[in-house]
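The values are calculated or read from the model by the stated rules, or taken from the named source; none is laboratory data. What you see is a predicted model, and the numbers here were worked out from it, not measured in a lab. Backbone-built Cβ (ideal geometry, glycine too); neighbour counts: all protein chains shown. Accessible surface is based on the protein model in full, side chains and every heavy atom, while ligands, DNA and RNA are left aside. Shrake-Rupley method; radii C 1.70, N 1.55, O 1.52, S 1.80 Å.
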Protein chains: 6
Amino acid sequence: MATPPISRYPVPELAGLPDDIRERILAVQQKAGFVPNVFLVLAHRPDEFRAFFAYHDALMEKEGGLSKTEREMIVVATSGANDCLYCIVAHGAILRVYAKNPYVADQVAANYRKADITPRQKAMLAFALKVATASSAIVDEDFATLAAQGFSDEDIWDIGAIAAFFALSNRMANLVNMRPNEEFFLLGRVPRAAKAS
Amino acid sequence: MATPPISRYPVPELAGLPDDIRERILAVQQKAGFVPNVFLVLAHRPDEFRAFFAYHDALMEKEGGLSKTEREMIVVATSGANDCLYCIVAHGAILRVYAKNPYVADQVAANYRKADITPRQKAMLAFALKVATASSAIVDEDFATLAAQGFSDEDIWDIGAIAAFFALSNRMANLVNMRPNEEFFLLGRVPRAAKAS
Amino acid sequence: MATPPISRYPVPELAGLPDDIRERILAVQQKAGFVPNVFLVLAHRPDEFRAFFAYHDALMEKEGGLSKTEREMIVVATSGANDCLYCIVAHGAILRVYAKNPYVADQVAANYRKADITPRQKAMLAFALKVATASSAIVDEDFATLAAQGFSDEDIWDIGAIAAFFALSNRMANLVNMRPNEEFFLLGRVPRAAKAS
Amino acid sequence: MATPPISRYPVPELAGLPDDIRERILAVQQKAGFVPNVFLVLAHRPDEFRAFFAYHDALMEKEGGLSKTEREMIVVATSGANDCLYCIVAHGAILRVYAKNPYVADQVAANYRKADITPRQKAMLAFALKVATASSAIVDEDFATLAAQGFSDEDIWDIGAIAAFFALSNRMANLVNMRPNEEFFLLGRVPRAAKAS
Amino acid sequence: MATPPISRYPVPELAGLPDDIRERILAVQQKAGFVPNVFLVLAHRPDEFRAFFAYHDALMEKEGGLSKTEREMIVVATSGANDCLYCIVAHGAILRVYAKNPYVADQVAANYRKADITPRQKAMLAFALKVATASSAIVDEDFATLAAQGFSDEDIWDIGAIAAFFALSNRMANLVNMRPNEEFFLLGRVPRAAKAS
Amino acid sequence: MATPPISRYPVPELAGLPDDIRERILAVQQKAGFVPNVFLVLAHRPDEFRAFFAYHDALMEKEGGLSKTEREMIVVATSGANDCLYCIVAHGAILRVYAKNPYVADQVAANYRKADITPRQKAMLAFALKVATASSAIVDEDFATLAAQGFSDEDIWDIGAIAAFFALSNRMANLVNMRPNEEFFLLGRVPRAAKAS
């Protein structure tokens, strides 16, 4: 059958987009080798596009106590809880690449308790999932549990804010039926050496 | 007892904030007569503040098929489902003011099915709550149901995106234990005429 | 639009009611300045009316280790969990009046964990919500937790029985679509001094 | 091991009870051949005892469109949903006796969809379970569904009120750890003829 | 009304069954005095019949740290959680017979926390229910809790495997609408002495 | 870090296994190029091993209205609902191979509603998930819905029995913390042609 569309909504042509958005998309394409569909799908609404990626970058590309790999773990675990196909597949790929580990993304998406990660990372994901699924039940004890694992208050904001941002992102992807690029499914699964040979 | 803090995190002084953020806050104070705590609490992270309010404005202040009152209904109903005290109280107040109706916010926060709203608005809130609580189960039939009530595809994006944005907002408020301003509790409850007397 | 009815069922005229019921209703009106709708709605079934209010009074107007304010907190918190509009609004008003606090009812209805109440009261509401939503899971440890907060066994019966009685009350209100009186929405929100001026 | 107590709370001696309560208990004993524990357990609080049984009688012993067997079906089905041991066992026995059917109580307690009952009774129990577990979601369509099965509005009040009353009753039994009398377990299971032989 | 069928699917005649299956059924009939319906219903698919009972026997008839009574407790508790009428009734009967206790099966089916069983057995059933309803949340602490009650690792495999096998069995019974034999409802309820008289 | 064990329980050496089990394992290794861990892990209990694979083969290798690809879809979708890492990864691989489609397994594991499958297959998976998560709610209408998609009664038994069998399998894998072989993560993701080059 023909490839299904990447969104329920119209997907704009690059040529017709505002300059800043087109330039961001071209920069991503330059770096990744393809344009992740989330950029094309959200460009349907330029103002929301700008806010979405500004928020994303503020959380995912900042310095701090969480590594880039850990930030992506939070995305994959909470997207798994929200059954969001796009984010599981796309951020699963990014997590594999950052972690240089072809297995961890599928582990974290299915059940972080069985993943090959540290106890500190399991505590981080337990809290992220509480933010994702039962945020009104957050209590002081949750902060104490994370502090005991070495997380600062600012780290905890990061964990919670990433889980909160992807609560938004997962819902948008489910709303518009966002389709993951085929490239993401394989990315980071084959060791570099094997690919080079 | 002393008034509890408005956030688990440090709340910055206005004087020390970046100019654009301070100006936005002063403008809100000018218009509302007080500064809603969400502005002070999120100013702890200026980049996230800017993205948050850019996203908020893109969804809540745009033109379109949904009235401002209807947009606030979506906020209050989904914040009720997420047990988010700040958003129930603050956006409940805004909803009362926009709707010129002192009862509708409490109705929608508790149970939209019993609110004094139109069947079209009930369909809108049923979908918003599905986005808020079970977005992976969204199917084509949901779009058809809303279309039958006169909603365009762009209206449906608005409904879903507002529910998705407040999924983020509710989680942030629950994370930092954001406290509603006392002003919000009474706002819009007393008819204008009564206040004038 | 016209004011919606206060019940799905016929609401009797005062004149046609049995004497004891009419007198109770007139006494309430005398004291409160209006007749809360629950009296009119349940008068449709006089025998059930009598049992309902006898039960209510036995639990809410007795002496004991719980203050009247605390009893109303239990009602508001469990009615919030049951999404019962009538009880949230009507007992929220009573709670504000008893507590002389215009904020506590909205706090407790949304999320008792973030309310300005004591740790003892939070333990009380945690147990009340367990009775309301998962009573088969009650174990001896729950009694020990409450005893550690100073509650006697009789206090615990009170907490549980109030939660159990409003499990009934909330379901009846939802069944008949009971509408809160407009008076309740504002009651207790404006400080006395302000009202006097 | 020794027989466990029938309540977490003190159980009063018959001799020390108010006359009306002692007389009611003796009358039950006369009729049933034993005193169901609910009478002894609730007698710990005479005012609540009186209200409880007045309410019970108003719902369970009235005339109307529901047979006594059907009323007990509602009790058993909703008590099953609430995992209330006392009510499943005690009212299961009463249901077997009324229905002259040794199987229907266990069927209805486990899963009414598979019980040997009429489609009308299945619709009745589906609604009773909605009242028991999700009463805020009751909508006009539920009334229409029941009307199509021949239930009047007053019948629907009965169904809902019985489910609501046992929401209270189940929670009280779970709170005080009420123990079913051993007699109930066998009652109604052996056909009369067999017993006579 | 006529007795409903014991399965939604065709039930084979004994005469037409493969020899091994017919012999097993006749042996059961010899021992129990009747043929439990599960044998007739599953004989519709001989290969699945053989695997089902081989698995059943491997778990339920082996030696080990769990008594036969305890194994049946696991079946009844998890079948209660799965609302499986056939298994509650049939294995409830077997549990009564093994335990020589006419009450324990109804207790465990409704709420093991209130059953007349040992703390060790309550820990066993708490874990069995976790396997039945939330197996992905099993963590090392669960094994430690059971070890503290004296269960070996092999005992824990037994508990978990019985809960897992009846997860299958309950779903098959619900799928085909398997009807319990009337004999099971009374079995083990009447003390031997009474029956002899 | 060192590779974690493939089971919480001892994993037997091939040499010490009963002949029939060792031969089955060697045959699988011959065919697949490696031994899937489920064979080694379950060999800890030979009798359960034999019953498990006899059941598996009876359901997964039989002729009938469901293709092998469709049978694996049922496994992957229900294992996703049960958060079973081993089955998602191992049967995801098998599904990719059977379907000659590198994307469908991740789609079905996350959310079958968004998978590139036919409406008939979506109806099949909706029913399989009902068997997996709410089997007591199965009603005649479910059979009618599937019949309308062309499924025979025997096909429906297959769908339900596969979902039921993997309810067992998922729980065993979660109980023993079964680890997927690394080979499964990549299997079926790279088109043959690409691999040949």
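Within a 10 angstrom radius of each residue's Cβ in A:83-93, how many Cβ atoms of other chains show up on average? Whole number is fine.
Numbers: counts 12, 5, 12, 3, 1, 5, 4, 0, 0, 1, 0.
Per-residue shielding by partner chains comes out at 4.
For region F:27-89, which GluC sites (Glu not before Pro) pass both filters: DSSP loop (anything but H, G, I, E, B) and at most 11 other C-beta atoms within 10 Å?
F:GLU61, F:GLU63
Could you list the trypsin sites (Lys or Arg not before Pro) in region D:74-165 that lie in coil according to DSSP, counting only those with at most 13 other Cβ atoms within 10 Å of their Cβ?
Working: sites: D:ARG96, D:LYS100, D:ARG113, D:LYS114, D:ARG120, D:LYS122, D:LYS130; in loops: D:LYS100.
Sites meeting the loop and neighbour criteria: D:LYS100.
Of C:ILE162, C:ALA51, C:GLN30, which is farthest on the positive side of the dipole of chain C, counting Cα position, with +1 on Lys and Arg Cβ, -1 on Asp and Glu Cβ, and the Cα centre as origin?
My answer, from the dipole projection, is C:GLN30.
For F:MET178, what is the net charge nearby, where nearby means another residue's Cβ is under 10 Å from its Cβ and Lys, Arg count +1, Asp, Glu -1?
On the way: positive: A:LYS114, F:ARG8, F:ARG179; negative: none.
Local net charge: +3.
Roughly how many debye, to the nearest 20, is the charge dipole of the protein assembly as shown about its Cα centre, given +1 on each Lys and Arg Cβ, -1 on each Asp and Glu Cβ, and no other charges?
On the way: 126 positive and 138 negative charges, 1 e Å.
It comes to approximately 0 debye.
Mind checking the dipole of region F:35-104: about its Cα centre, +1 per Lys or Arg Cβ, -1 per Asp or Glu Cβ, Debye to the nearest 20? Intermediate values should be presented prior to the final figure.
On the way: 7 positive and 8 negative charges, 36 e Å.
It comes to approximately 180 debye.
Which number do you get for Rg(Cα) / (2.2 N^0.38 Å) in the protein assembly as shown? Could you put the intermediate results ahead of the total?
Working: Rg = 31.1 Å, N = 1182, 2.2 N^0.38 = 32.4 Å.
In units of the globular-protein estimate, the protein assembly as shown measures up at 0.96.
Roughly how compact is region F:73-115, stated as its Cα Rg over 2.2 N^0.38 Å to two decimals?
Values: Rg = 8.9 Å, N = 43, 2.2 N^0.38 = 9.2 Å.
The reported ratio for this selection is 0.97.
Enter the buried accessible area of the A/B pair, total of both sides, probe 1.4 Å, in Å² rounded to the nearest 100. The partial results should precede the final answer.
Working: alone 10800 and 10800 Å², together 17860 Å².
Buried: approximately 3700 Å² between B and A.
Through the Karplus equation 6.51 cos²θ - 1.76 cosθ + 1.60, θ set to phi - 60°, convert the phi angles of region C:91-101 into ³J(HN,Hα) values in whole Hz; use x for Gly and Pro.
Couplings: 6, x, 4, 4, 4, 4, 5, 4, 7, 6, 9 Hz.
More than 22 Å apart: what percent of Cα pairs in region B:51-197 qualify? Let's see the in-between values first.
Details: 3965 of 10731 pairs.
Everything past 22 Å amounts to 37 percent.
Only Lys, Arg, Asp and Glu count, each charged at its Cβ (+1, +1, -1, -1), so figure out the dipole size of region D:2-54 about its Cα centre, rounded to 20 debye. Please list the in-between numbers first.
Numbers: 6 positive and 6 negative charges, 35 e Å.
For region D:2-54, the charge dipole is close to 160 debye.
Give me the angle, in degrees from 0 to 90, between the Cα long axis of helix D:46-60 and the longest principal axis of the Cα atoms of chain D, rounded to the nearest 10.
The two axes meet at around 40 degrees.
Which of the residues in region C:1-33 lose at least 20 Å² of accessible area when you go from the chain alone to all protein chains together (probe 1.4 Å)?
C:MET1, C:ARG8, C:TYR9
Per the 1.4 Å probe, what fraction of the accessible area of the protein assembly as shown, in percent, lies on carbon and sulfur atoms? Kindly include the intermediate steps, with their values, before the conclusion.
Details: 24940 of 45750 Å².
On the protein assembly as shown, the fraction of accessible area on carbon and sulfur atoms equals 55 percent.
Which pairs break 28 Å Cα to Cα here: C:LYS130/F:LYS114; C:LYS62/D:LYS62; A:LYS62/A:LYS100?
Values: C:LYS130/F:LYS114 37 Å; C:LYS62/D:LYS62 30 Å; A:LYS62/A:LYS100 20 Å.
Too far apart for the 28 Å limit: C:LYS130/F:LYS114; C:LYS62/D:LYS62.
Apply the Karplus curve 6.51 cos²θ - 1.76 cosθ + 1.60, θ = phi - 60°, to the phi angles in region F:121-131 and return the couplings in whole Hz, x for Gly and Pro.
Using θ = phi - 60°, the values come out as 5, 5, 5, 4, 6, 4, 5, 4, 5, 5, 4 Hz.
With axes computed from alpha carbons, what is the tilt in degrees of helix B:68-81 against the longest principal axis of chain B, rounded to the nearest 10 within 0 to 90?
80
Pick from A:ILE21, A:ILE88, A:ILE138 the residue whose mean-square fluctuation is largest in a GNM of chain A, springs joining Cα atoms under 10 Å.
It is A:ILE138.
Just to confirm, what accessible area per residue do you get for the protein assembly as shown at 1.4 Å probe, in whole Å²? Show your work: numbers first, answer last.
Values: 45750 Å² over 1182 residues.
Dividing the accessible area of the protein assembly as shown by its residue count gives 39 Å².
Go through region D:34-134 and name the chymotrypsin sites (Phe, Trp or Tyr not before Pro) that are in a DSSP coil and have 13 or fewer other Cβ atoms within 10 Å of their Cβ.
Working: sites: D:PHE34, D:PHE39, D:PHE49, D:PHE52, D:PHE53, D:TYR55, D:TYR86, D:TYR98, D:TYR103, D:TYR112, D:PHE127; in loops: D:PHE34, D:TYR103.
Here the chymotrypsin sites (Phe, Trp or Tyr not before Pro) that fit, given the DSSP loop and packing criteria, are D:PHE34.
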